[in-house]
Amino acid sequence: MKRSLTSIVAVAALALATSACGGDSGTDGPIKVGAINGITGLFQTPEVPKAVQAVFDEVNKAGGINGRKLEFITKDDAMNPQRSTEAAIDLIESEEVVALVGSSSAVDCGLNRATYSNNKIVSIPAVGVDATCFTSPNIAPVNPGPFKLITAMLYYASETLKRDKVCMYYTVLPGSGGGIENAIKEWTDITGKSLTVKDLSVGQGDPTPYLVKAKAAGCQAILYNAQVGPWFAQAATQGMTDVDFIMGANSYTDANAALIPAKINAYAGTEWQPYTDATLPGNERWSKVVDANKIQRTAFSQGAVMAADVFVEVLKGIKGDITRESVTNAFKNMKPIQYPMVGTPYVFGPGNAHNPIEGSRFVKVLNGKWQVLPEGFIVPGKN
Amino acid sequence: MLNSIIAGLTSGGVYALLGLCVVLTYRLVAVVNFAMAATGAVGAFTMVSLTEAGLNVWPALILGVAAGAALSGLLGAVLVRWFSGHDERTKAAVTVAIYVALMAAGLRIFGNNTSGARAFPRPFDSPAFTVGDVVVPQAVLVSLAFAVLITVGVTLLLSRTGVGLRLQALSERPETAQVVGIPAPRLAMAVWVAIGALTTLVILIVAPRLGGDFSTLGGLIATALAVAMVGAFRSLPLTLLGGILLGCLEGFAAFWEPVQQYRGVVPFLVILVLLWWRSRHEVWDTAHSR
C-alpha cells in the first residue's frame, strides 16, 4: 500500500513538473515553432513551409536566437477539418511549440482559433484565407486577405481607373458572404459609390449568361474571382474589349496570365509586391531565399518569408527566456515593423481582431505575362 | 431574359454531346459509366500536356485521343473480364469506384483549378452570328452539328447495318449473342475504345467553355447523366433535345435572381423531376425494365 502511494505521488510530481514546463520547449533546447499548411488536398501551398524552413535555416546557421536553434514543425491538413484540429492540438500539446508561424491552410483559422486563444499562443499565418484569420484575438496574418483586397480592388476600379459602373461577379466560399458585404460597405463609406451589379452566384459551367448580363448592365469594370480560362475566352467571344476585368490574388499565377486572350483588359490585385518582378522593394530578400533553396516563386512563398522574418525580428527583441508566454507577450506588445513587401506596417497588437496589412498593388496581363503597374500600393482612402 | 436563354443555348450543344456519350455507352454495352467524363479528361489533359511540352497540335491530338481510348478500353476490359455476368448496378458501382480513383489521381497529376488551368486549343471561338446582345461562337454550331451527326449516324448504324444489329444483340443479351456466334467480348472492347476516343474529343470541345481544370471536366458527368435521363438512356434525339433544354434552363437560372445561387443544382433537379414523372404510373413492387 505504502509502495503504491509512493508511486502515485511520484507520478503526480512528474506530471506536475511536465505541465509546469509545458508550452515553452524548455529554455535551453531548440525553440520549437509550428505551422499548419495545405500540402495535399484542394488548397495546396507546398512552397510555404519550405520557404519558412529556409529562413529558419539561415538564422540557425548564423548562431540561432540567443544561442538556441529554431526547430520548425509543419503539419499537412489536406484541407481536412479533422486533420487540421488534430494538427493544432499535436503541435501545442505534444510538440510544445512557442508559436505558429507561416501557416497556410484554408481551414486552420476557423477551426483552431479557440484552441489558440485557450492556449494563449499566437499564430502568424503566411496566408490568411478565411474571415476568421482576421477577426481572432490570437491570429494576425501577413497578407491583407481576400476582404481588404476586395476593398482595394473596388477602390482601384472607381478611383484609379475612374470607372463609373463597377460590377462584381464572384463565387463565394461558405461563410465568407458577410466579409464580402463588409468589404463593399467599406468602399462605399470611403467613396460614396455603390455597385452597379453584384452577383455572388458565379460557379462552374458556361459563363456566357453572366457575361451577357454584365454587357446589358453596362458594366465598365468587373471584379471577378472564379475560373479564368472559360470566363475570359467567352468574354473575348462576346467582344468585351472595353471592360476592365479585375481579379483577386488567387488568380495571380503565370498559368492564368497565359490563358487571357490578347484583346482583353485583365488586372489582378496582389497582396504583396508582385512576385513576378524580383527587383521591387522587399522582393530582393524573398527572391534570394527562394532561389537559393530552389523553391517555387509564388505569392504564397512571399508570405512565408515575411512571416518568418517578422517572427525572427520579434524573437530577437525578447529579453529573457523564449517561452510561449514571452513570445505571445512580445507579439501583443510589439512595435510596428516596416516591411517593404506590403502596403502598411505589420503589427500584431493586443486587440481581438487583427488585419494589419492593407492595400494592394496591381498587375495587368500583357502578351500572356503579368506587367506591374506603376501606381504603387493602393490603400483605400489614402491614395 | 431572352438573351440569357440564348446565352444558355450556347452551352446546350456541349451538354447534348456529353449526354449522347452516356446514352451510347449504355445502349451498346449496358453500363451507366460514371467514369466517362474523367476518362475523357485524362485524354484531353494528355493532349494539352503534350502541346505545352512543345509537340505539334495534331500528333498531340492523336496521342490524347489514343490515351482516352486506351483508358476507356482498360475500364472496359475490367468490366468485360470480371463483371460480365453481374447486373447493371454492380457495373455502375465499379465505374463509380473508378471515377473516384481517376478524380483523385487526375487532381494530383494535373493540378487544381488555380494551378491546373490549362490552355486548351480554341479553334472554334470566332463569332458565327449575333442574336440580340449574344454573340454565338462557331463552337456552338460545331458542337450542335457534332451532336446531330452522332445522333443520326448511330441511329443509322444501329438500324441499318449488320454491325449495328450485332451491337444491339450484345447490349440486350450478351451471353445469347455469344452463343449465336457474335464475338461479344471483342465487340464490347471495340465499343469501349471507341467511346473513350469520342469522349476525349467531346471533352476537348467543351473544355474552353466549361473549364480548363481536371475536377471541373471530370465532374461534368453529373450534367451528362441529367441529359441522358431526358432521353431515358435510350433515345438519342431526346437526349440531344435534353442537352439543349438543360443549357437554356441554366441560362435562365443565371438570369433569374431568386434561383441564381442554385444554378449548379439544375441538373439534379432535372434528374429528380424526371425520375418522379417517369415513375408516376408504376405499381409498387413491380420489376423495373430498362
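The values are calculated or read from the model by the stated rules, or taken from the named source; none is laboratory data. Please read all numbers here as calculations on a predicted model, not as lab measurements. We place every Cβ from the backbone using ideal geometry, glycine too, and count neighbours over all the protein chains shown. Areas reflect the complete protein model, heavy atoms only, side chains present, ligands, DNA and RNA absent. Shrake-Rupley method; radii C 1.70, N 1.55, O 1.52, S 1.80 Å.
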In the range A:215-236, anything under 26 Å from B:P123 (Cβ atoms) and within 11 Å of chain B (Cβ to nearest Cβ) is listed as A:K215, A:A226, A:Q227, A:V228, A:G229, A:P230, A:W231, A:F232, A:A233, A:Q234, A:A235, A:A236
Of the candidates A:A157, A:A131, the one satisfying the condition of being touching a residue at least 12 places away in the same chain (Cβ under 8 Å) and touching a strand residue (DSSP E or B) at 6+ places or on another chain (Cβ under 8 Å) is A:A157
Next on the checklist: Looking at the range A:89-104, can you tell me whether even one residue there is buried (at least 19 other Cβ atoms within 10 Å of the Cβ) and in contact with an Asp or Glu (Cβ under 6 Å, 6 or more places away or on another chain)?
Outcome noted: no
Sole miss for B:E257 among (1) in contact with a Phe, Trp or Tyr (Cβ under 7 Å, 6 or more places away or on another chain); (2) without any contact (Cβ under 8 Å) to a residue 24 or more places away in the chain is condition (1)
(message) Condition (residue is open to solvent by less than 30 Å² (accessible area, probe 1.4 Å), hydrophobic (A, V, I, L, M, F, W, C) and in a loop (DSSP other than H, G, I, E, B)) applied to the range A:205-225: is it met by at least one residue?
(response) yes
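Do any helices (runs of 4 or more DSSP H) entirely within the range A:237-328 hold 1 or more residues that are within 14 Å of chain B (Cβ to nearest Cβ) and more than 16 Å from the chain's Cα centre (by Cα), and if so, which?
Working: elements: A:254-257, A:283-292, A:299-316.
Passing ranges, in order: A:254-257.
Out of the residues in the range B:14-29 that are β-branched (V, I, T) and within 10 Å of B:T239 (Cβ to Cβ), which is nearest to the other protein chains (Cβ to nearest Cβ)?
Applying the first criterion (β-branched (V, I, T)) to the range B:14-29 yields B:14, B:22-23, B:25, B:29.
Filter once more, so that each one left must be within 10 Å of B:T239 (Cβ to Cβ): B:22-23.
Working: B:V22: 18, B:V23: 21 Å.
This residue is B:V22.
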- Filter result for B:R122 (within 14 Å of chain A (Cβ to nearest Cβ), touching a helix residue (DSSP H, G or I) at 6+ places or on another chain (Cβ under 9 Å) and of a type in the set (D, E, K, R)): yes
In the set B:G218, B:G196, the lone residue that is buried (at least 24 other Cβ atoms within 10 Å of the Cβ) and either away from chain A (no Cβ under 14 Å) or under 17 Å from B:G153 (Cβ atoms) (or both) is B:G196
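Go over the candidates B:S11, B:S72, B:S49 one by one and state the one that is surrounded by 24 or more Cβ atoms within 10 Å (Cβ to Cβ) and within 14 Å of another protein chain (Cβ to nearest Cβ).
Numbers: B:S72 fails: within 14 Å of another protein chain (Cβ to nearest Cβ); B:S49 fails: surrounded by 24 or more Cβ atoms within 10 Å (Cβ to Cβ).
On inspection, the qualifying residue turns out to be B:S11.
Here is a yes/no grid of residues against (1) open to solvent by 40 Å² or more (accessible area, probe 1.4 Å); (2) in a helix (DSSP H, G or I); (3) over 19 Å from A:P356 (Cα atoms):
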| position | (1), (2), (3) |
| --- | --- |
| A:P146 | yes, yes, no |
| A:T151 | no, yes, no |
| A:Y155 | no, yes, no |
| A:D164 | yes, no, yes |
| A:G179 | no, yes, no |
| A:D189 | yes, yes, yes |
Only unsatisfied item for B:N3, checking (1) open to solvent by 10 Å² or more (accessible area, probe 1.4 Å); (2) more than 9 Å from chain A (Cβ to nearest Cβ), is (2)
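One line per residue, one yes/no per condition, for (1) open to solvent by less than 10 Å² (accessible area, probe 1.4 Å); (2) among the hydrophobic types (A, V, I, L, M, F, W, C):
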{"site": "A:T279", "(1), (2)": "no, no"}
{"site": "A:V289", "(1), (2)": "yes, yes"}
{"site": "A:R297", "(1), (2)": "no, no"}
{"site": "A:V314", "(1), (2)": "no, yes"}
{"site": "A:A330", "(1), (2)": "no, yes"}
{"site": "A:P336", "(1), (2)": "no, no"}
{"site": "A:A353", "(1), (2)": "no, yes"}
{"site": "A:S360", "(1), (2)": "yes, no"}
Condition set in contact with a strand residue (DSSP E or B) (Cβ under 9 Å, 6 or more places away or on another chain) and outside any helix (DSSP H, G or I), scope the range A:108-128, selection surrounded by the most Cβ atoms within 10 Å (Cβ to Cβ): answer is A:G128
(1) without any contact (Cβ under 8 Å) to a residue 40 or more places away in the chain; (2) crowded, with 23+ Cβ neighbours inside 10 Å; (3) farther than 25 Å from B:E52 by Cα all hold for A:Y275 apart from (3)
Hey, any hits in the range A:189-201 for a residue that's within 20 Å of B:L249 (Cβ to Cβ), of a type outside the set (A, V, I, L, M, F, W, C), touching a helix residue (DSSP H, G or I) at 6+ places or on another chain (Cβ under 8 Å) and within 14 Å of another protein chain (Cβ to nearest Cβ)? yes
